[in-house]
Amino acid sequence: EKGGYEHYMLKEIHEQPQALRQALSGRVDEMQGTVELGLDLPAEYLRSLEEIQIVACGTSYHAGLYAAHLLETHADVRVTVHVASEYEFRGGRDPWRTLVVAVTQSGETAETLGALRDAARTGARTLAVTNTVGSSITRAADDALYIRAGPEIGVAATKTFVSQVATLALLTVHLGRVRDTLSATEAGELLGDVRGLPGAVQRVLNADTGVRDVAETYVDSVAFFFIGRYLGHPVSMEGALKLKEISYDHAEGFPAGELKHGPLALVTDETPVLAVLTEGANADATLNSVKEAESRGAPVIGCLSEGRDEKFIDVGFDVPELGEMEPLVANVYLQLFAYHVANSKGRAIDKPQYLTKHRQLT
Ligand code: M6R
């Protein structure tokens, strides 16, 4: 049932190209620069929209942070992202012009459900972005958009994260086209990058042995820091969450620029720094933080746009060229890194201590 893999997590990491193809299947017209998502929310409403509030927990929250940048850039709409347990609906002047988007793999996370229900009561329209047909969130929301990743058994969310971001990128294109903030050509470019995801992720998966060797080199480190900017920021947070969740090591992810505002005090030659240095992650600015870490003696592992050669990096992982989707591809290296660190420590990777996952009804 694990398809020859030692853990469901590794199987699901390897299922990502297929999951991504499913998310895109039948939805994309790259030539016309359009997407068809089968949404019930009318185009007229999407045009009049003033604000989007994304609510989610854990990995889904990180997908929301990634999507917020895409939506603000391409659909010209104000977006805020909220950890669902901290959310309080403030509809602003006109709740009807606020769309609350709940991102949840299972569709059953209590905090996310609660946030969406509160918003709906106050008059906002609601959209569920989920993997689970018939889940509670789909019944509570006005509309649902499925990420189509297939069942995810491992507690650590992997393929559902990439599928969430890809699906939210399609939503971005849809909104951008409807709101006339994105030309057909620009939409075609973004869609081209989204369409390139399965192939690019597959190339990263083919480099798995190299990642395992790096993970084994640094397995006994005191702590791990993940840094990135812009789209690389949610990816760095996600990388740290994955590592701490399954390896029980101390890991922190934060915007690269924050390194010198505190965490640098903890950086030593025993704390590797993993940096997202791709397109869409303000690589040049991130490099300044990398230099600070390097000067404290920290080993630096960088996810780099292919062909980029950085002298401050101890280990470089090549990320295929893919514009704003590059940080999402970099994330796959971080998933593999977390997996191999945890595996070489013999952790219960599919069922980490103290954590649970909502099960899908079959
Ligand atoms: O089903 P959901 O997407 O609502 O779950 C949210 C979080 O519980 C989940 O992403 C959690 O953080 C994962 N275990 C992370 O790998």
**Study point:** Anchor Lys244: lysines whose Cα lies under 27 Å away (excluding residues fewer than 8 positions away in-chain)
**Key:** Lys2, Lys11, Lys159, Lys260, Lys291, Lys345, Lys351, Lys357
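What does the extension gain come out to for Tyr248 and Asn288, with contour length at 0.36 nm per residue minus their alpha carbon separation? List each step's numbers first, then the result.
Values: separation 40, 0.36 × 40 = 14.40 nm, distance 2.91 nm.
Going from the current span to full extension adds 11.5 nm.
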Check your understanding: Check Cys57: other-chain or 5+ apart residues with amide H under 5 Å from its amide H, H built from backbone geometry?
Key -> Ala84
Check your understanding: Within the stretch 41-59, whose backbone N sits under 12 Å from a point 7 Å along Cα→Cβ of Thr122?
Key -> 53-54
Practice item. Could you go through the stretch 274-285 in sequence order and give the Karplus-derived ³J(HN,Hα) for each residue, using 6.51 cos²θ - 1.76 cosθ + 1.60 with θ = phi - 60°, rounded to whole Hz, and x for Gly and Pro? Key: 9, 10, 8, 10, 9, 3, x, 9, 6, 4, 5, 5
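At 1.4 Å probe radius, can you tell me the per residue accessible area of the stretch 131-252 in Å²? If you can, show how the numbers build up before the last one.
Values: 3900 Å² over 122 residues.
That works out to 32 Å² per residue.
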**Study point:** Label-point separation in nm, Asp213 to Arg47, each point 7 Å along Cα→Cβ
**Key:** 5.7 nm
Review point. For the chain, what is the mean residue ellipticity at 222 nm derived from helices alone (per DSSP H run of n ≥ 4: -39500 (n - 2.57); sum divided by total residues; nearest 500 deg cm²/dmol)?
Key: -13500 deg cm²/dmol
Practice item. Using a 1.4 Å probe over the heavy atoms of the protein chains, calculate the carbon and sulfur portion of the accessible area of the stretch 143-272 as a whole percent. Key: 50 percent
Exercise for review: Whenever you get a sec, compute what percent of the accessible area on the stretch 18-107 sits on carbon and sulfur atoms (1.4 Å probe).
Suggested key: 44 percent
Point to revise | Arg139-Ser25 pseudo-label distance in nm [points 7 Å out on the Cα-to-Cβ vector] | key: 2.7 nm
Practice item. Determine, for each peptide in 136-147, 219-230, the mean count of other beta carbons within 10 angstrom over its residues, then list the peptides with the highest first. Key: 219-230, 136-147
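The values are calculated or read from the model by the stated rules, or taken from the named source; none is laboratory data. Fair warning: this is a prediction, and the values are worked out from it, not measured in the lab. Glycine gets a Cβ as well: all are built from the backbone with ideal geometry, and neighbour counts include every protein chain shown. SASA here: full protein model, heavy atoms, side chains in, ligands and nucleic acids out. Shrake-Rupley method; radii C 1.70, N 1.55, O 1.52, S 1.80 Å.
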